[in-house]
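Let me begin by presenting the structure, written as structure tokens, before commenting on it.
The numbers here are math on the coordinates, done by the rules we state, and not lab data. Note that this is a predicted model, so its numbers are computed, not measured. No Cβ is skipped: glycine too gets one built from the backbone with ideal geometry, and neighbour counts run over all protein chains shown.
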Amino acid sequence: MNNPSNRQGKPRRRPAFPNITERFLSPVLKMKIWLRWAAAAFALFVLVTAGTLIYLRTQSLPVAAISQTSQMVDLQGNVIDTFHAGENRRSVQLSDISHYLIDATLAIEDRRFYDHRGFDMKGMARAVMVNVQSFSARQGASTLTQQLARNLYLTHERTWQRKIKEAMYTVQLEMNYSKDEILGMYLNQIYYGHGSYGIEAAAMMYFNKHASELSLAESAMLAGIPKGPKYYSPYLNMKNAKDRQLTILQAMLEGGSITSGQADAAYAEVLKFQTLGSGEQEGFAPYFRDYIRYIAVDKLGIDEHLLNEGGITIYTTLDPVAQSTAEEAIAKGIPESSEQQAALIAIDPRNGYIKAMVGGRNYKKNQYNRVFAKTRQPGSSFKPFLYLTAIQSGFMSPVTRYKSEPTVFTYDEGRKTYEPHNYGDKYLNELIDMRQALASSDNIYAVNTIMTVGADKVIDTARKLGIDSPMQPVPSLALGTFPVSPFEMASAFGTFASGGIHYEPIAIIRIEDRKGQVLYEAEHISEQAVTAAEAYVMTSLMESVFEEGGTAFRVSSIIKRPVAGKTGTTPTDAWLVGYTPELAAAVWVGYDKDRKLTVAEAYRAAPIFANFTEQALAAVPPKIFPIPEGVVNVYIDPTSGKIAESTCPNKRLETFLSGTEPTEVCGKPAAAGDKGSGAGQDGAKADGRRSWWTDLKRWWTD
């Protein structure tokens, strides 16, 4: 039965036995229970953390597809071109980065970098305090490792998922790499504005220096740019850039890496920035750069992706002095208003290195490289191959004579005729020898020669010297009627300069990957195409082209060193191919559409060659062509071709292969005490020679 008093709302009595927890749980016991729960929670945290770390240790970091800029360098190590797909980057070792740049970066970005394990707790606390006080996210606390993780593997979106991944990758980076390795990766990865990624690319773009060469002022300037590549760009806002530089110098001063005097001097220093966009020497040697890319990809099989993003370095043979001289010689050698074109190729005859290449007058308007055009007749510049064949045959020597007069030649067993003409229909109408014929470019003598030695043998000789273009064994071959490229001509003439050794032309010395491993190294291919004595006899003959009576005599005063070569002129093409002991060059001028040349236009090849050769070798002392064994120099009578004795009225020093010199004598033997056939007293300069090296040769012979 219910208690009526309860129904009337009277309060209940407390139970006779109170709650056990309230009665018996003392404060001490409560503390013990709390400590147990805390210990369990801590143990769980440790287990979870340890498990996470073990898991992260076993996991591989994502593959970071970091493209690197490949570069092309000249013979002196200067960068002449770069290849990159969107990101201009060149990775370097931390040891190859200026310590000023390293100190500046750490001072402004992460001064406790070497003390934390990826997360700077003090920095985070400081950032929280600053942001709370300013009620905004004014200060961040990301470490260099965190920034590297974000740049390598993540986007910059602001999500919790990204932040969690960033933390995981940060831990993994600290686990797998040393602090120096992380710092090196960061400095090679960070963006410095204007398309430059990594400090090496930035140093080259802003100051045309390697990262190892940066000064304190330059380092403080560059270290401030990644914070805001546009806002702190010295090209876009110099005031912001200088303010940021000052902030970094103050941070370095506070950190103790520099003194106040260094900071003041660095801030006051006027920096010399490159013109934006000039870091790759845009426009320098464009035809050569195209050729290098063609060789690397099409000939050597370098993958396009590796070339554009693999960070390879292509070491080339280009001589920057010779190249700039070549470009200048062509620019000055043809009037700016003229539509006439030109090409120049220069090769070191001692090793085959291509030192300079100009494929046309304006690369922006026309990228066609005329150096390799096999559409141009070499004209008389082909004749040295003909006369070399004649010298080798034993049938002819430098004093073999033919009459310079209009002549009709028959060939193909009398079924065909060929009637060559001299330039301007000018003939001496007398007997001339090989030296006179080569110097004056007599066509009648040349065709007489090819009819004597055989056109097939001339083709064989040209092939040995490096001429690959198609040729037919007909009399007109003697006059250079079959097209040959300037590239082939320079290479072939280099064989004369090198003592008869033909070196295959080389443009790429080696290619290295981003780690410096050699991917390709050029093989120096050479062959003794002709004997040194045969090459020297031809050199001696071709020296006459630059002497009085020679077709290039008008430019002889420009070249103040021994030089040999040959001019060539057709109605549409003009050439001068020549060499010194150190440099062989071919110059062609003409029009792309076979337009006929005026006399003035045809004369432009020789001055271009002369100015280029003299300026390109300005720092090289003049050298005579070395006289090899198997050669004899004797005085001859140019009228009769006989050995000249003292009473012979005319004398000329002539060069022969040993055993082919004349045996008949002009004049009476010298009296006792006379020098006989030595330096010809009154005839010492009767042949019109004007060079010191000719006198030296005479002295040596005597």
Residues other than Asn448 with Cβ under 11 Å of its Cβ, Lys/Arg counted +1 and Asp/Glu -1, net out at 0
With 10 angstrom as the radius, rank Arg89, Arg514, Arg595 by how many other C-beta atoms surround their C-beta, starting from the fewest. Arg595, Arg514, Arg89
Label points 7 Å out from Cα along the Cβ direction at Asp456 and Asp412: separation in nm? 1.7 nm
Local electrostatic count at Pro378 - Lys and Arg +1, Asp and Glu -1, tallied over other residues with Cβ under 14 Å: +2
The ³J(HN,Hα) series, computed from each phi in the stretch 374-380 with the Karplus coefficients 6.51, -1.76 and 1.60 at θ = phi - 60°, rounded to the nearest Hz and given as x for glycine or proline, is 9, 10, 10, 6, x, x, 5
Neighbour net charge for Ala532 - beta-carbon separation under 14 angstrom, K R +1, D E -1: -2
Taking neighbour Cβ counts within 10 Å as the exposure measure, how do Ile525, Ile97, Ile314, Ile509 sort from fewest upward? Ile525, Ile509, Ile97, Ile314
